[in-house]
1. For the stretch 89-102, indicate whether the set of residues that are in contact with a strand residue (DSSP E or B) (Cβ under 7 Å, 6 or more places away or on another chain), closer than 30 Å to K155 by Cβ, surrounded by fewer than 20 Cβ atoms within 10 Å (Cβ to Cβ) and not acidic (D, E) is non-empty.
2. Having 3 or more residues that are aliphatic (A, V, I, L, M) and modelled with pLDDT of 85 or more is the bar; report the helices (runs of 4 or more DSSP H) wholly within the stretch 128-230 that clear it.
3. Can you pull out the residues in the stretch 105-140 that are small (G, A, S) and surrounded by fewer than 20 Cβ atoms within 10 Å (Cβ to Cβ)?
4. Test S115 against the stated conditions and say whether it is in a helix (DSSP H, G or I) and either touching an Asp or Glu at 6+ places or on another chain (Cβ under 9 Å) or over 18 Å from Q142 (Cβ atoms) (or both).
5. Of the conditions (1) in contact with a helix residue (DSSP H, G or I) (Cβ under 7 Å, 6 or more places away or on another chain); (2) within 26 Å of K68 (Cα to Cα); (3) part of a loop (DSSP other than H, G, I, E, B), F93 clears all except one; give me its number.
6. Write out, first by first residue and then by second, each pair whose Cβ atoms fall under 8 Å of each other, whose residues are 6+ apart or on separate chains, and whose first residue, in the stretch 170-196, is surrounded by 13 or more Cβ atoms within 10 Å (Cβ to Cβ) while the second is aliphatic (A, V, I, L, M) and modelled with pLDDT of 80 or more.
7. Going by the conditions given, is R4 farther than 23 Å from G137 by Cβ, modelled with pLDDT of 75 or more and loosely packed, with under 15 Cβ neighbours inside 10 Å?
8. S54 - would you say it is of a type in the set (S, T, Y) and closer than 24 Å to M145 by Cβ?
Amino acid sequence: MVRRGPTPSAGYASAASSQVPLSASGSTMKPPNQEPTVGSLASLRGSFRRSGFSEAVTDFLLKAWNEKTLEAYGRHIKIWNKFCVQEKVDPFFPPVTKLLDHLFLLFHNGKANGSGYSYSSLNVARSAISAVAKINGVPAGQNEMLCLFMKSAAKQRSKFPKNNFTWDSDAFLHTFNVWRHNNQLCLSSLAKKVAGLLLILSGQRFQTIDCLDIRNMSLTMRSFLKLEIH
């Protein structure tokens, strides 16, 4: 008697089923060295091996990505592989129509709460898929129709700045004006005043104040006279 394993469930089913790439026509295609396609590193390896690169060259090329990039790509590649299993397409050489269908779904309700991806998240998904998939021998992200799709997504997902207001510089300077003369201020107050004036003059954010170096600054006679007048 031959013991049979459990029957894989439907949908984004078993890990075993997602390890077998499928052609655009739906026929099973054997990946090189039986590499699993789930995960960013495995998918990148599979893509390079499918393109004909040797194992040694593949290992060398894989070092081009750092761990953070692979981690960011990993989640999107897994979602892409599951979609390809459902649609029975080859995740390495997909039809552009199926790739746009996938991104369209992400754009409208790709998040766990049912909301759609932001443009930046969608762009990361595009980059992740482009790292492993090719269309007509060209990285998928460079496809003309995909570029048009992303252009449309950018228009529909308006980009608002993280900070939609600016602080009042007059109020900031007025605070310093009501302080006592510099030679009567404590060291802490002097440091705050210098830091504030440097930020206004340099146009930098507060996070970059520690990067400013007084060795790269100079006090000219003209600026000194202005300080004396005020």
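1. yes
2. The qualifying helices (runs of 4 or more DSSP H) are 144-156.
3. Correct list: A112, G114, S115, G116, S118, S120, S121, S127, S130, G137.
4. On the way: in a helix (DSSP H, G or I): no; either touching an Asp or Glu at 6+ places or on another chain (Cβ under 9 Å) or over 18 Å from Q142 (Cβ atoms) (or both): yes.
So S115 does not fit the description; no.
5. Among (1) in contact with a helix residue (DSSP H, G or I) (Cβ under 7 Å, 6 or more places away or on another chain); (2) within 26 Å of K68 (Cα to Cα); (3) part of a loop (DSSP other than H, G, I, E, B), F93 violates only (1).
6. W179/L185; K193/L185
7. no
8. no
The values are calculated or read from the model by the stated rules, or taken from the named source; none is laboratory data. Quick caveat: nothing in here was measured; it's all calculated off a predicted structure. Please note: Cβ atoms are built from the backbone with ideal geometry, for glycine as well, and neighbour counts cover all protein chains shown.
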